Amino acid sequence: MSHAKALGSAVLVAVVVMSASLLGCGAAPYVEAEGSRGARGAPEMPETPPGYAAGEPAVVVVLQEPGAEPPTDTWIPEEPREGNPLAQVRAWRGDYDCPQGNTEMTLHILGVRGNHLSALFAFHHVPTGVEGRYLMAGRFDPETYRVTLTPGAWIVQPEDYVSVGMQGDLSEDGSLFAGRMDHPLCGAFRLRPAR
């Protein structure tokens, strides 16, 4: 295992330096001080610390004097969004507009794998009592929060009905999924998490 010695009250930064023969490739990640590049622009590796054999894995401690200026490059990446929100809300209720008129629907999220999902589209046209269900497959775009779903196999197909895809956007707070049905005679859909 690696060894390290504490040195005074200076701020310490530890960097693991591994032998090239240990990994079968170049040197491990390193920290370099200003002006520490060699003649060819490559960083100069520190000498083997006292008490360690050459080529043995070691921890190199780089000291920064107390009160020294912090580095100017202090950029920290933004926190990534937490995965696919459709993995957290598994049922969405609302309605959509198609030639039969406004129709109630529930979108059941059956499975989520990364940005891909499978769903069950269930609808009920109240004035006629017609109900139906079919499977859907789709994709969530984490950059835009856009969801695209394509229709799959019918489970219950009412007479004269066709399965229709949908494209819409999720609100970032997860309170609304809205967009358009993928059929020239259909219109919008509006869904909210089922409570």
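The values are calculated or read from the model by the stated rules, or taken from the named source; none is laboratory data. Everything numeric here is computed off the predicted structure, so don't read it as measured data. Cβ coordinates were reconstructed from backbone atoms using ideal geometry, including for glycine residues, and neighbour counts include every protein chain displayed. Ligands, DNA and RNA are excluded from the accessible area calculation, which covers all protein heavy atoms including side chains. Shrake-Rupley method; radii C 1.70, N 1.55, O 1.52, S 1.80 Å.
Numerical summary
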item: Inter-label distance for H116 and R90, nm, one decimal - labels placed 7 Å from Cα along Cα-to-Cβ; result: 2.1 nm
item: Alpha carbon centroid spacing (whole Å) that separates the stretch 83-121 from the stretch 140-155; result: 8 Å
item: Nonlocal amide H pairs with A194, under 5 Å, H built at 1.01 Å; result: A91, W92, R93
item: Which of R192, R113 is most accessible, then next, and so on - probe 1.4 Å; result: R113, R192
item: Point-to-point label distance, R146-T106, nm (Cα→Cβ direction, 7 Å offset); result: 3.0 nm
